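J.: This is the structure, below, for whatever I ask next.
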Amino acid sequence: MLKFLIPVAVMCVVGCSNGGGTARMDRLEKANDSLTMQVAALRPGLGEYMLSIQIHHNKLWFAGANGGWELAAFELDEIKEQLEKIPQVCGNRPEVKQLSMVDAPLAKVDSAIAHRDTAKFRQAFLLLTHTCNACHEAVHFGFNKIKVPADPMFSNQEWK
Ligand code: HEC
């Protein structure tokens, strides 16, 4: 009797655990699909990164123009951080390939800040701004024209 029962029990355990495993895999797959969809929905678009870059571009100008070099360095880093995230998060946008055209102007701004050189800063900022527009034109978003800001975006921050 025992000789008969043991194989039956083993069959049942193996069978049941296999069945359970498949159900578990299905559940995990569903959870994974749902998470993938949520991540896609929450992922910022390229336009959102650009809007954030626009804010830091504005702050960078007032910091540099007023000799707030520490703040200028911080704002420049913020721009670089946003630019670095774009290929990771918006890699599906073909325009991303052109992004590296701002690297050289950014390095010029970086150097002007390091040397606390206002004249060089103004020059480098202008070059950076022209390059923002050069990319916009290259990728058919030329109607987004960036310029040296006339006013700070925010009135509740010191620039020096
Ligand atoms: C890949 C080249 C590229 C570079 C370099 C670039 N941009 Fe953009 N920018 C884009 C694209 C593409 C869009 C349109 C995004 C979209 O589809 O929403 C855009 C849109 C924008 C917008 C409009 C955002 C909105 O929703 O109103 C602003 C502002 C902007 N960019 C600022 C900048 C600034 C400032 C720089 C330079 C520091 C810059 N961009 C550099 C490609 C670029």
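J.: Looking at this structure, is A72 farther than 29 Å from R43 by Cβ and under 21 Å from the mean Cα position of the chain (by Cα)?
T.: Yes; evaluated as a whole, the condition is true for this residue.
J.: Of these, K97, K147, which one is over 19 Å from the mean Cα position of the chain (by Cα), within 10 Å of the ligand (Cβ to nearest atom) and surrounded by fewer than 15 Cβ atoms within 10 Å (Cβ to Cβ)?
T.: The unique qualifying residue is K147.
J.: What number of residues in segment 100-114 are surrounded by fewer than 16 Cβ atoms within 10 Å (Cβ to Cβ) and over 23 Å from K85 (Cβ atoms)?
T.: Number satisfying all stated conditions: 2.
J.: For K160, which of the numbered conditions (1) part of a helix (DSSP H, G or I); (2) over 23 Å from the mean Cα position of the chain (by Cα) fails to hold?
T.: (1)
J.: Could you please find all residues in segment 115-136 being exposed (fewer than 13 other Cβ atoms within 10 Å of the Cβ) and either in contact (Cβ under 8 Å) with a residue 40 or more places away in the chain or not assigned by TED's automatic domain parsing to the domain that holds H56 (or both)?
T.: Selection gives R116 alone.
J.: Name every residue in segment 132-144 that is in a helix (DSSP H, G or I) and more than 6 Å from the ligand (Cβ to nearest atom), in order of residue number.
T.: N133, A134, E137, A138
Residue by residue, here is whether (1) among the small types (G, A, S); (2) under 15 Å from the mean Cα position of the chain (by Cα) holds:
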{"position": "L76", "(1), (2)": "no, yes"}
{"position": "P87", "(1), (2)": "no, yes"}
{"position": "R93", "(1), (2)": "no, yes"}
{"position": "K120", "(1), (2)": "no, no"}
{"position": "G142", "(1), (2)": "yes, no"}
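J.: Tell me which residues, restricted to segment 71-94, are over 21 Å from P149 (Cα atoms) and surrounded by 14 or more Cβ atoms within 10 Å (Cβ to Cβ).
T.: Selection gives I86, V89, C90, R93.
The values are calculated or read from the model by the stated rules, or taken from the named source; none is laboratory data. Everything numeric in this text was worked out from a predicted model, so none of it was measured. Note: ideal-geometry Cβ built from the backbone for every residue, glycine included; neighbour counts use all protein chains shown.
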